[in-house]
Amino acid sequence: MRPALAATLLLIAPLAACSTVTEAVKGPELAPVGYPAQLAPMTQQFAQPAPQPASANSLWRTGARTFFNDQRASKVGDILTVQIDIDDSATTKNQTATSRASNSSLGVPNFLGLESSLGKVLPGGYDPANMVNTKSGFSNAGSGAVTRSEKISLTIAAVVSGVMPNGNLIIQGTQEVRTNAELRQLTVAGIVRPEDISSANTIKHTQIAEARISYGGRGDISRVQKTPAGQSLVEKFSPF
């Protein structure tokens with residue numbers, strides 16, 4: 001059974017590495033365009049709504065968008081704009097100093113009248129009043145500092161992928177831009193309140209609950225800057 005499993009893994013390994021080799025040679029490929037997976041599978045066909053006839057004595061069809069209706073995102077499939085403007089900085093300094101000193105002594109001046117006999121058995125200089133005397137000291141000092149600064153200013157369109165029972169909207173969106181052999185990817189997801197969406201159908205990232213914002217990329221530059229996998233494993237599990 002084990003040889004068969006090993007042979008299967010050997011056959012699958014080249015297939016799993018095929019995409020990595022292709023990306024290294026041709027560069028990263030853009031993901032196909034589609035709705036988020038939570039909204040609907042990419043292979044699902046959406047039925048086109050039948051056109052509604054115009055109402056009597058009216059220039060507008062039933063359900064058509066008008067100037068007087070709320071055009072903000074409110075249902076599954078609607079699109080809204082997320083404005084990401086992160087300018088955070090943090091500085092943390094910690095200093096710790098501890099010390100401890102202890103002294104203890106133990107004496108047996110009288111012990112059933114045997115203290116004189118003990119003096120004959122024990123080495124010279126025996127003092128019953130000061131049989132045991134200990135002294136210990138401990139000190140520790142530590143300091144640390146952390147300084148972080150992050151600044152991101154981006155805009156991305158997100159899709160409403162769900163509506164919660166209380167009316168809050170679940171949104172998520174992905175944006176990819178490829179420049180030469182480097183692919184930049186921006187992803188945002190979270191929960192928003194309909195009343196926080198502005199009249200221009202935009203919302204700030206600070207108004208997104210459970211926000212998940214990812215900004216990164218892959219390609220030649222990212223691959224060179226990334227720590228090799230073997231070195232990363234050694235640094236993670238090395239006890240020294």
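The values are calculated or read from the model by the stated rules, or taken from the named source; none is laboratory data. Keep in mind the model is a prediction, meaning the values are calculated, not measured. Quick reminder, even Gly has a Cβ in these numbers, built from the backbone with ideal geometry, and neighbours come from all protein chains shown.
Laid out as a table, the results:
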item: Answer from Leu122, Leu169 - the residue that is out of contact with any strand residue (DSSP E or B) (no Cβ under 9 Å at 6 or more places or on another chain) and either closer than 30 Å to Arg184 by Cβ or modelled with pLDDT under 90 (or both); result: Leu122
item: Scope the stretch 187-216; condition touching a residue at least 60 places away in the same chain (Cβ under 8 Å) and under 17 Å from the mean Cα position of the chain (by Cα); matching residues; result: Val188, His205, Ile208, Ile213, Tyr215
item: Qualifying position, being surrounded by fewer than 10 Cβ atoms within 10 Å (Cβ to Cβ) and either of a type in the set (Gly, Ala, Ser) or not in a strand (DSSP E or B) (or both), among Ser198, Ser139, Ser222, Ser232; result: Ser139
item: Answer from Thr134, Thr187 - the residue that is among the β-branched types (Val, Ile, Thr) and over 30 Å from Ser89 (Cα atoms); result: Thr134
item: Residues satisfying the stated conditions in the stretch 142-195, i.e. surrounded by 12 or more Cβ atoms within 10 Å (Cβ to Cβ) and among the hydroxyl-bearing types (Ser, Thr, Tyr); result: Thr155, Ser161, Thr174, Thr187
